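Visitor: Just passing along the structure, written as structure tokens.
The values are calculated or read from the model by the stated rules, or taken from the named source; none is laboratory data. Remember, predicted model here, so these are calculated numbers, not experimental data. The protein model used for the area step is the full one, side chains on, heavy atoms only, and it has no ligands, DNA or RNA in it. Shrake-Rupley method; radii C 1.70, N 1.55, O 1.52, S 1.80 Å.
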Amino acid sequence: PLYFDDYTILYDGRCKYTLRGTLGQGGWSTVYLGRVLADSAWMPFPDYVAIKTIEKERCLHDHSAYQNIVNEFQYLVEITETKRPFLTPLLSAFQDKDRCYATMVCTTTFVYARHLHNKFSICMGKT
């Protein structure tokens, strides 16, 4: 996972983002809630985005993981280009020396569902 604080800023060449929390984690990636810095967006951007991060080191030696990630990015590009309803479009993709990033619209439904899941887990004693 990516360790961050309120001063961690990611920049995709168009917008700057601060990371506000973790939305989910999978086998080779983690999705964070990102806040778009108001003075950095060159076009109308949502205030909050989902930023999927993929650690390059994790898939460096695993060809199938690498191929799955390439396929996922290709699907995201296709979804964005064809403007498919009910699927989250890709806002930007960028990388640094350690990670690849995919920035997508963060739906309030997803954030609310994650919040309910976390609250339910705490109430049931599952942390």
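Visitor: For a test of the definition: using alpha carbon positions, the gyration tensor, and the 1.5 limit on a/c, classify region 45-93 as rounded, prolate or oblate. Could you put the intermediate results ahead of the total?
Guide: Working: a/c = 3.57, a/b = 1.66, b/c = 2.15.
Cα axes put region 45-93 in the oblate bin.
Visitor: Let me ask another. Can you compute 3J(HN,Hα) from phi for each residue in region 89-98, using the Karplus curve 6.51 cos²θ - 1.76 cosθ + 1.60 with θ = phi - 60°, rounded to whole Hz and x for Gly and Pro?
Guide: My calculation for region 89-98 gives x, 7, 8, 6, 9, 7, 8, 10, 5, 9 Hz in order.
Visitor: On the accessible surface of region 25-93, probed at 1.4 Å, how many percent belong to carbon and sulfur atoms? Write down the numbers at each step before the final one.
Guide: Details: 2540 of 4460 Å².
Taking all protein chains in place, region 25-93 shows 57 percent carbon and sulfur surface.
Visitor: Rank these by accessible area, largest first, 1.4 Å probe: TYR48, TYR32.
Guide: Working: TYR48 100, TYR32 0 Å².
In descending accessible area the options line up as TYR48, TYR32.
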